[in-house]
Amino acid sequence: MGTRERRTDVGAARARELTATLLRDLRFARIDRGLSAAAVAEAVGLSPGQYSRIKRGLTGSVSIEQAARIAAVIGCDLSLRLYPSGQPIRDAAHAALLRRFRQQLHPSLRLRTEVPFPDPTDRRAWDAVILGPGRRIGVEAETRPRDLQALGRRLALKLRDGDVSSLILLLLDSRYNRDFVRSNREAFLDRFPMPAPRLRDLLKAGVNPAASSIVLL
């Protein structure tokens, strides 16, 4: 089974879990407020049979609109948030970028891709890790970064938790990305102090760099 299929399976299982929790919470809230199922169904605009199937989980899924309407008449607000968890799927351009980067390394340096974090309960992974004498260097590849603050937070957390000594932000060499780096030069300088030419020289020589860097490739 491919990575994309495995992740959609995880998502489907999570949806079933969240739906069961939501239906339980709606039931408890309705009972706590002394409301009958018939009264809630009428207020929402559902027949008693339709509402009965929803609250017993027999419909297979509940739409966000249905859940929010039921919650509203019970006197609750439905809240949804996204939290980073694991790695997103990657496209062909991302894979090609890592392949080109591998060619920049001295044969003594090994590049492993999709490297899990040391904590088995943490589903994040490095796009790649360079393994060499005395150091593990995390590599994060981006073809088109957009949100500098979100990117910075994500990288800082991965650097903290990912058991590496330094970090390489690998960017596709495009006009957009060159402008992105240039316009955020001051913010990047503190986090990535090593100039890219120096980093590439070290990697070609088989030396693991001691500082983080940005590489456009």
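The values are calculated or read from the model by the stated rules, or taken from the named source; none is laboratory data. Note that the structure is a prediction, hence the values are computed from the model and not measured. Cβ coordinates were reconstructed from backbone atoms using ideal geometry, including for glycine residues, and neighbour counts include every protein chain displayed. Side chains included, ligands, DNA and RNA excluded: accessible areas come from the protein's heavy atoms. Shrake-Rupley method; radii C 1.70, N 1.55, O 1.52, S 1.80 Å.
Things worth noting here:
- Checked across segment 99-120, the condition of being modelled with pLDDT under 90, more than 30 Å from Gly206 (Cα to Cα) and either within 31 Å of the chain's Cα centre (by Cα) or not polar (S, T, N, Q) (or both) holds for at least one residue.
- Here Leu159 passes the criteria (1) surrounded by fewer than 19 Cβ atoms within 10 Å (Cβ to Cβ); (2) more than 18 Å from the chain's Cα centre (by Cα); (3) within 26 Å of Gly206 (Cα to Cα) except the one numbered (2).
- Only residues that are crowded, with 17+ Cβ neighbours inside 10 Å and either under 16 Å from Ala15 (Cα atoms) or among the hydroxyl-bearing types (Ser, Thr, Tyr) (or both) were counted across segment 27-54, and they come to 2.
- Residue within segment 68-78 that is surrounded by 12 or more Cβ atoms within 10 Å (Cβ to Cβ), in a loop (DSSP other than H, G, I, E, B) and in contact with a helix residue (DSSP H, G or I) (Cβ under 7 Å, 6 or more places away or on another chain) present: yes
- Taking the numbered list (1) touching a His at 6+ places or on another chain (Cβ under 7 Å); (2) farther than 20 Å from Asn208 by Cβ in turn, Ala141 passes all entries but (2).
- Among the residues of segment 152-191, the ones that are closer than 24 Å to Ala125 by Cβ, in contact with a strand residue (DSSP E or B) (Cβ under 8 Å, 6 or more places away or on another chain) and of a type in the set (A, V, I, L, M) come to 9 in all.
- Within segment 89-136, considering residues that are of a type outside the set (Lys, Arg) and in a helix (DSSP H, G or I), the one surrounded by the fewest Cβ atoms within 10 Å (Cβ to Cβ): Ala92
- Flag set for Val10, criterion: assigned to a helix (DSSP H, G or I), among the β-branched types (Val, Ile, Thr) and under 30 Å from Arg124 (Cα atoms).
- In segment 175-196, the qualifying residues are those that are aliphatic (A, V, I, L, M) and within 24 Å of the chain's Cα centre (by Cα), and the one that is least open to solvent (accessible area, probe 1.4 Å) is Val181.
- Candidates Leu199, Leu172: the one that is surrounded by 17 or more Cβ atoms within 10 Å (Cβ to Cβ), in contact with a helix residue (DSSP H, G or I) (Cβ under 7 Å, 6 or more places away or on another chain) and not small (Gly, Ala, Ser) is Leu172.
- Exactly one residue out of Ser85, Ser165, Ser79 is more than 30 Å from Arg16 (Cβ to Cβ) and either at pLDDT below 90 or among the small types (Gly, Ala, Ser) (or both): that is Ser165.
- Residue check, Leu217 touching a Pro at 6+ places or on another chain (Cβ under 7 Å) and open to solvent by less than 70 Å² (accessible area, probe 1.4 Å): no
- Pairs where the first residue, in segment 203-215, is within 7 Å of His106 (Cα to Cα) and the second is open to solvent by less than 10 Å² (accessible area, probe 1.4 Å) and at pLDDT below 90, C-beta under 8 Å, 6+ apart: Leu203/Pro209
- Identity of the residue in segment 55-67, open to solvent by less than 60 Å² (accessible area, probe 1.4 Å) and not in a helix (DSSP H, G or I), that ends up modelled with the lowest pLDDT: Gly57
- Pair list, Cβ under 9 Å, 6 or more apart: segment 55-76 residue in contact (Cβ under 8 Å) with a residue 24 or more places away in the chain and among the hydroxyl-bearing types (Ser, Thr, Tyr), other residue assigned to a helix (DSSP H, G or I) and open to solvent by 80 Å² or more (accessible area, probe 1.4 Å): Ser61/Arg16
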